[in-house]
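So the structure is just underneath, and the comments pick up after that.
Any read-out appearing in this document is the output of simple, stated calculations on the displayed coordinates, not a laboratory observation. Small disclaimer: the values here were computed from a predicted structure and weren't measured. When we count neighbours, we look across all protein chains shown, and the Cβ atoms used for this are built from the backbone with ideal geometry, even at glycine.
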Amino acid sequence: MKCAITCAAIALTAFARGGVCTPAVEDVRLGGDIARRMNLCVERCVKASDVAKMTSVFFDRTETIRWQSEFWGKWMHSAVPFARLTGDAALRKKIDESFRQIRAAQLPNGYIGNYAEERQLARSTWDVWGRKYTLLGLLLYHDLTGDPAALDCAARMVDHLMGQLQEGGKSLVRSGCHRGMASCSILEPLALLFARTRDERYRRAAEFVVAEMCDNPEGPELIKRASLDVAKRFPNASAIQCGGPSKAYEMMSCYQGLYEWYRLTGRGDCLDACLKTARNIIEKEITALGGGSTMECWMRGKSHETEPWRGPNETCVTTTWMRFCSTLLAETGDLAFADELERSFYNIYLGSLRQDCATWTQYCPSDGCRGEGSIQCGMGTSCCIQNGPRGFLSVMKTLVAGRPGGVDVNLFVESTATVEAAGGRVTIVQRTSYPKDGDIRLTVACDPAAEGKEWTLRLRVPGWCAADGRPFWKEVRRVWHSGDGYCHRIDMKDRFVEKNGFMAVFHGPVALARSSAFRDGDVNEILSYPFDESCPLALRPVDVDGVQCAFEVRLPFGNYTGDKNPRGYRVVRMCDWASAANRWPDGDTARLWIPFAHIPSVNE
């Protein structure tokens, strides 16, 4: 039991550079509208999932190509942390029963999956990808319960897989999709299994996978190609298709595994590859809404974000990107990752969650209508519905970070969060309506070990309100006692962005949109001219039910008379993009990028 408790502690609190730690999920309580949405999502999406159907597929081993075996592990990724958070007995019962079914489905040789034996490890299959998620589910269950049977199931699965690969002389990168990235993403649970067992068999297994994903020229070569644009790493293959080698979700999943391997081994080239890739994604792919990908592939989306895309902003990509940002922020302290996580959360992530919080869209266009994605593999659900809830957990993990020298407040959400810091445990309570306004009131509580000590409270100042566009810390060093407070104010900086003949309006981290629900004109109306200093942007807050934040704004519609006083100048309403058009299937339409009239050059 002592070993089980130690292993559980590994998963509950993540320690990174210099003793920096993030809070365990049960040490965080969200409040306000974000808590309302998350709690409804747990009730209506996580708990309502048909878990019996997810586990039943493991007893029918006739699959040849589909990804039915991923769903249980994905569900466990949110079910286990939410069970820790809520103490919900009904959810815990579903988790326990699902583990019993998975354990019963394990063959004597160790295999847990639903593929026919002759199709296991075959090209263009999702067999190893599914095994990856099953392994993660088993490790999550072990960390929740300390049950050694879960760890034994995982170990036997890996022993069987490595026997198939090494004794059969097979290549991992040829055993699945997307230049082997789907299969190579199994590195993450292998690294976690080694961390929990310290068994050299699993070190060797992980090293085998690292070599396949990084050194095999048939594979993605994720270290060698880390300096290249993610969309242009494989110039001889089409990236703009679902199935191309620039598949965003699988690529980031592999890098998450490389990061876990770096944590265990100190291999700097693994971390360096993660950071180069993440920074390239920020520079070239992530849009104003914090999303990216078309048909689930990277495609230099930042430069094309005003255009209509096919299959834009997949929810699996969004949640995986948020998790990657959370991981790298904890490791490096680079606040650019906090800015990006915040951008994704308040925009594309919350906008992908239907207003009733019962389901998630698969693809999420910046302009137009949103709706449900396809139901996959006859499972009554989809990869995005099962991945969606995980984004709330990335936010909870990232809210604050503890250090020997104090506490960092990375994100601003109505919340209470406790971390190891300043030689004890420190709780930070946030009271705020952010991002509706920029006032954050913080109260500190210290346990006896941290009470009355001098330490530094660091508060993020986002890049979008900094003079040079780069985020930085505001530091408050003092002796802290329980009950001490501090008021942090962020300049929300209403602003506009001009791009490719369109305008977009922002309030702090939030992108604003016109919505057909306001019934104040055609959301596709054209502006007479772009905003400039002679046409100031003035937003007046208004209250609208079911909307996070809404404003009235005076926009220059109509005929341009030459003096910037068009006859059609009028006031319309705009709201946070996440709240616009997310009452599907009602058919409301949102418009983020507003076109403006263009005067062609004689040289065009």
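Whole-Hz ³J(HN,Hα) for each residue in the stretch 477-485, computed from phi via Karplus 6.51 cos²θ - 1.76 cosθ + 1.60 with θ = phi - 60°, x for glycine and proline: what do you get?
9, 6, 7, 10, 10, 4, x, 5, x
At 222 nm, what value in deg cm²/dmol follows for the chain if DSSP H runs of at least 4 each add -39500 (n - 2.57) and the sum is divided by all its residues, to the nearest 500?
-10500 deg cm²/dmol
So how long is each side of the stretch 181-307 along the principal axes, counting just the alpha-carbon atoms, biggest first, in Å?
51, 27, 21
Restricting to lysines 8 or more places apart or on different chains, can you count the pairs in the stretch 31-210 with Cα atoms under 26 Å from each other?
Value for the stretch 31-210: 14.
What is the gain in length, in nm to one decimal, between D494 and D60 on full extension, counting 0.36 nm per residue of separation less the C-alpha to C-alpha distance?
150.6 nm
Can you work out the FRET efficiency for the pair A52 and A89, with r the C-beta to C-beta distance and R0 = 25 Å, to the nearest 0.05?
0.90
Amide H neighbours of L222 under 5 Å, at least 5 residues apart or on other chains, H built in the peptide plane: list them.
Those qualifying (amide H under 5 Å, at least 5 residues apart or on another chain) are C214.
Amide H to amide H under 5 Å from F472: which residues, 5+ apart in sequence or cross-chain, H placed 1.01 Å off N in plane?
V461
Compute the normalised compactness of the stretch 327-467: alpha-carbon radius of gyration over 2.2 N^0.38 Å, N being the residue count.
After normalising by residue count via 2.2 N^0.38 Å, the value is 1.26.
Can you list the lysines whose alpha carbon is less than 16 Å from that of K499, not counting same-chain residues fewer than 8 positions off?
Answer for K499, where 16 Å is the Cα cut-off: K284, K302, listed by chain and number.
Quote the charge dipole size of the chain about the Cα centre in Debye, to the nearest 20; the model charges only the Cβ of Lys and Arg (+1) and of Asp and Glu (-1).
With Lys and Arg at +1 and Asp and Glu at -1, about 420 debye.
Net charge near L353: determine it from the other residues with C-beta under 11 Å of the C-beta of L353, scoring Lys and Arg +1 and Asp and Glu -1.
The answer is +3.
What ³J(HN,Hα) values, in whole Hz, does the Karplus curve 6.51 cos²θ - 1.76 cosθ + 1.60 give for the stretch 142-152 when θ = phi - 60°, with x put for Gly and Pro?
With the stated coefficients, the stretch 142-152 comes to 4, 5, 6, 10, x, 5, x, 5, 5, 5, 5 Hz.
Given R₀ = 30 Å, FRET efficiency for W584-K224 by Cβ-Cβ distance, to 0.05?
For R0 = 30 Å, the calculated efficiency reads 0.10.
For C549, what residues show an amide H to amide H distance below 5 Å, using hydrogens built from the backbone and excluding near sequence neighbours?
Answer set, sorted by chain and number: D576.
Name the lysines eligible as straight-distance cross-link partners of K493: C-alpha to C-alpha under 21 Å, and not fewer than 8 places from it in the same chain.
Answer for K493, where 21 Å is the Cα cut-off: K436, K474, listed by chain and number.
Return the sequence-ordered ³J(HN,Hα) values of the stretch 166-178 in whole Hz as given by the Karplus equation 6.51 cos²θ - 1.76 cosθ + 1.60 applied to θ = phi - 60°, using x for Gly and Pro.
Karplus-based 3J(HN,Hα) across the stretch 166-178 equals 7, 6, x, x, 9, 9, 5, 5, 9, 9, x, 9, 6 Hz.
Under 1.5 on a/c is rounded, so check that first for the stretch 377-533, then, if it is not, pick prolate when a/b is larger than b/c and oblate when it is not; a ≥ b ≥ c are the square roots of the alpha carbon gyration tensor eigenvalues.
Oblate, since a/c reaches 1.5 and b/c is not below a/b.
Starting from the Cα-Cα distance between E451 and S482, subtract it from 0.36 nm times their residue separation and give me the gain in nm to one decimal.
Contour length minus the Cα-Cα distance gives 10.5 nm.
Relative contact order for the chain using alpha-carbon pairs under 8 Å, separation at least 6, rounded to a whole percent?
12 percent
What's the extension gain from R204 to E307 if we count 0.36 nm per residue and subtract their Cα-Cα distance?
So the chain would gain 32.4 nm between R204 and E307.
Which FRET efficiency value, to the nearest 0.05, is calculated for V542 and L40 with the Förster distance at 25 angstrom and r the Cβ-Cβ distance?
That pair, V542 with L40, gives E of 0.50.
At 25 °C and 0.890 mPa s, what whole-number value in µm²/s does Stokes-Einstein give for the translational diffusion of the stretch 32-141, with Rh from the Kirkwood sum over Cα pairs?
168 µm²/s
Specify which labelled value, from (i) 70, 60, 40; (ii) 80, 62, 44; (iii) 103, 48, 35, agrees with Cα extents along the principal axes in Å derived from the coordinates of the model shown.
Comparing each candidate, only (ii) matches the computed number.
Report the local net charge at V542: Lys and Arg +1, Asp and Glu -1, summed over other residues whose C-beta lies under 13 Å from its C-beta.
Its environment carries a net charge of -2.
Mind running the shape call on the stretch 127-236? Use the C-alpha gyration tensor, a ≥ b ≥ c as the square roots of the eigenvalues: rounded below 1.5 for a/c, prolate if a/b tops b/c, oblate otherwise.
Taking the square roots of the gyration eigenvalues as a ≥ b ≥ c, the stretch 127-236 is prolate.
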